[in-house]
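J.: One structure follows; several queries about it will come next.
What follows draws every value from the coordinates through simple rules; no lab data is involved. Keep in mind that this is a model prediction, so the values were computed, not measured. So basically every Cβ, Gly included, is an ideal-geometry build from the backbone, and we count neighbours across all protein chains shown.
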Amino acid sequence: MPDEVKRDGQWPLMVALFAINVFWGGSFVANAIALKSIGPIEIASLRFFIATPLLAAITYLWKGKEIFKCDIKDLGAIIIMALTGVTLQYVIQVTAQEYTTATNASLLINTSVFFIIFLSALFLNEKLSRWRIAGSVIGFLGVAVLVSKGSLSFDLGGHALGDIMIIVCALLWSVYSIYGKKIASKYNPLTILNLIFIIGTICLVPFYLLTPHTAVTDIPLDAIGAIVFLAIFCSIIAYLAYNVALERMDASQVGVYIYFVPLSTIVLAWLILGETLTPATIGGGLMVLLGMYLAELKDKN
């Protein structure tokens with residue numbers, strides 16, 4: 001009976017996790033919509049110019065001012081996380097979508113799973129299991145199919161440049177995750193999240209000021225809608241729900257929902273952007289997803 005009650009109590013969180021991963025899948029579509037009118041630096045900056053103060057206000061009202069305190073010796077790790085998880089992550093990610101499709105971006109960003117596996121083995125002494133190695137090999141073969149479009153030729157003038165930039169983002173996210181694992185046990189997730197958002201947003205300001213940008217009053221309504229969606233749904237609501245889920249569910253359970261991100265992007269990009277699915281996209285995408293699944297399996301002995 002206790003297990004049954006526990007499962008029943010997790011249903012709202014399971015629904016929330018499904019929803020936020022659909023939001024994150026939709027973020028690549030929202031980026032593509034906004035890119036039709038404004039530049040990538042503007043999109044990344046405005047997203048966090050809205051999200052960061054709102055998240056800080058919500059956190060303050062929810063947890064109080066003590067939640068923002070951290071040990072000065074951990075500040076270096078938090079700055080690295082802010083750069084790799086916010087500033088460089090979104091500047092490169094949104095810029096990359098000028099050169100590749102929303103579908104490819106969503107699939108390739110999840111290669112962070114494989115980078116995390118190897119970096120965890122190197123720096124956190126985590127075991128490299130048979131399944132993790134097999135999953136990584138299959139996943140990276142899938143990446144090769146996606147980037148090359150199933151061709152033996154390689155043309156940086158096509159989607160390849162954007163695809164490579166997204167893989168760089170995946171590597172940055174893996175660095176973010178490794179540093180996050182090192183200090184996660186010391187703080188409430190909201191402490192780290194707020195500090196990362198605040199520092200990352202401050203670091204976005206020079207990018208915003210030093211690049212051409214449109215007056216906010218001249219931004220089209222569809223782009224404004226996309227940015228608000230990115231700020232409210234993909235940043236504040238999604239991160240808050242994700243952190244609550246991590247507090248109440250096993251991390252492995254929460255991680256399973258990442259599979260909805262590329263799948264929701266594919267559907268939304270087809271419905272909203274009219275993107276077509278090529279055999280290489282389908283085959284490479286399935287290989288990436290299969291690789292992620294295998295990499296998360298545990299050896300029985």
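J.: Over the chain, what is the relative contact order in whole percent, taking alpha-carbon pairs under 8 Å and six or more residues apart?
T.: Rounded, it is 42 percent for the chain.
J.: Which loop trypsin sites (Lys or Arg not before Pro) in region 42-94, with loop taken from DSSP, have no more than 10 other Cβ atoms within 10 angstrom of their Cβ?
T.: Loop-located and lightly packed - 69.
J.: Another question, then. Would you compute, from DSSP H runs of 4+ residues alone, the mean residue ellipticity of the chain at 222 nm, taking -39500 (n - 2.57) per run and dividing by the full residue count, rounded to the nearest 500?
T.: When only DSSP H runs of four or more count, the value is -23000 deg cm²/dmol.
J.: For the charge dipole of the chain, defined by +1 on Lys and Arg C-beta atoms and -1 on Asp and Glu C-beta atoms about the Cα centroid, which residue among 162, 223, 120 has the Cα displaced farthest towards the positive pole?
T.: Positive-most Cα among the choices belongs to 120.
J.: Kyte-Doolittle cut-off 0.5, length cut-off 30 Å along the helix's own axis using Cα: show which whole DSSP H helices in the chain pass.
T.: 2-35, 40-63, 161-183, 189-210
J.: Could you compute the FRET efficiency for residue 168 and residue 122, with r as their C-beta to C-beta distance and R0 at 25 Å, rounded to 0.05?
T.: After rounding to 0.05, the efficiency reads 0.85.
J.: With label points built 7 Å along Cα→Cβ from the Cα atoms of residue 131 and residue 224, find their separation and express it in nm.
T.: About 4.9 nm separates the two model spin labels.
J.: Taking 0.36 nm per residue of sequence separation and subtracting the Cα-Cα distance, how much length would be gained by fully extending the chain between residue 72 and residue 211, in nm to one decimal?
T.: Taking 0.36 nm per residue and subtracting the Cα distance, the gain is 46.8 nm.
J.: While we're here: About the Cα centre, and with charges only on the beta carbon of Lys, Arg (+1) and Asp, Glu (-1), how big is the dipole of the chain? Nearest 20 debye, please.
T.: Using Cβ point charges on Lys, Arg, Asp and Glu, the chain gives about 680 debye.
J.: Okay, next question. Under 13 Å between C-alpha atoms is the cut-off here; go through the chain and count lysine pairs that meet it, provided they're at least eight residues apart or on different chains.
T.: 4
J.: In addition: Using a Förster distance of 30 angstrom, determine the FRET efficiency expected from the C-beta separation of residue 293 and residue 15, and round it to 0.05.
T.: It comes to 0.85.
J.: Shifting gears a bit: Determine the principal axes of the Cα atoms in the chain, then give the extent along each, sorted from largest to smallest and rounded to whole angstroms.
T.: 60, 55, 39
J.: Right, here's the next one. Give, in nm to one decimal, the length gained when the segment between residue 278 and residue 181 is fully stretched (0.36 nm per residue of separation minus the Cα-Cα distance).
T.: So the chain would gain 31.2 nm between residue 278 and residue 181.
J.: For residue 61 and residue 140, FRET efficiency with R0 = 30 Å and r from the beta-carbon atoms, rounded to 0.05?
T.: 0.10
J.: Please name which of 55, 175, 14 has its Cα lying farthest along the dipole of region 2-295 towards the positive end, using unit charges on Cβ (Lys, Arg +1; Asp, Glu -1) and the Cα centre as origin.
T.: In region 2-295, that residue is 175.
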